[in-house]
Amino acid sequence: YRVQMSGLAEALRTDDVAEAVVGSQAALALVQWTGASRQRLTVPWTQIGSHEDLAAFADTVETDPRIWRNFSTAIGEALTLSAALFDDAPVCARRVIDVSGDGVSNEGLEPRTTHMLLAQRGVTVNALVIEDATAGDLTGYFYENVITGPGAFVVTADGYADYPLRMRQKLLREVIQT
């Protein structure tokens, strides 16, 4: 968890990502999720209009305390909650959910069952997968079951140490997409 939060904050602070996020006037939020009954918006929608806004958001992400430990993985529920959060989001040109994960969904709704809802709401889902030698083809699983929408993609980190670099690449790809 800490590697993911620090890696996301680090990626948001890099010059190229910061320029792209501020330039696009993006709105960002953070959801923590795990098992079927455990999803929560922990950093509310924040309109990023300046580098100071982005720095404050990155600081909040980096220090966001972990709520749950050692529970199942319910990607479908995380996608459902995240899609609903767009009802309270500032007006956006694009609606994108970023899923970061190191395992397959093993509880609750199958992620594919959310694709129609996501399409109806105009939401694209991209993913950053943290591969582990024991997990099998997690990247393939996310391609087939999790990502959806126009231009959806998966970025793969080769372990946790690779996460910050891959998050930076993923964020750049998302914010420079037209």
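The values are calculated or read from the model by the stated rules, or taken from the named source; none is laboratory data. Everything numeric here is computed off the predicted structure, so don't read it as measured data. Don't worry about glycine lacking a Cβ; one is built from the backbone with ideal geometry, like all the others, and counts go over all protein chains shown. Just so you know, the surface numbers come from the protein's heavy atoms only, side chains and all, with ligands and any DNA or RNA stripped out. Shrake-Rupley method; radii C 1.70, N 1.55, O 1.52, S 1.80 Å.
Summary of computed values
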item	result
The chain: projected area of the alpha-carbon convex hull, averaged over directions, in nm²	9.1
Between the stretch 107-178 and the stretch 25-59, the Cα center-to-center distance that results, in Å	18
Surface accessible to a 1.4 Å probe, per residue, for the residues of the chain, Å²	49
Calculated [θ] (222 nm, deg cm²/dmol) that DSSP helices of n ≥ 4 give over the chain, each run adding -39,500 (n - 2.57)	-12500 deg cm²/dmol
Theoretical FRET efficiency, 1/(1+(r/R0)^6), r = Cβ-Cβ of Gln47 and Tyr160, R0 30 Å, to 0.05	0.45
Zone residues, the stretch 91-115, relative to Tyr143, backbone N less than 11 Å from point 7 Å out along Cα-to-Cβ	none
Cα-centred dipole magnitude for the chain, charges only on beta-carbon of K, R (+1) and D, E (-1), debye, nearest 20	340
Accessible area of Ser82 in the full protein assembly, 1.4 Å probe (Å², nearest 10)	20
The chain, accessible surface, carbon-and-sulfur percent (1.4 angstrom probe)	52
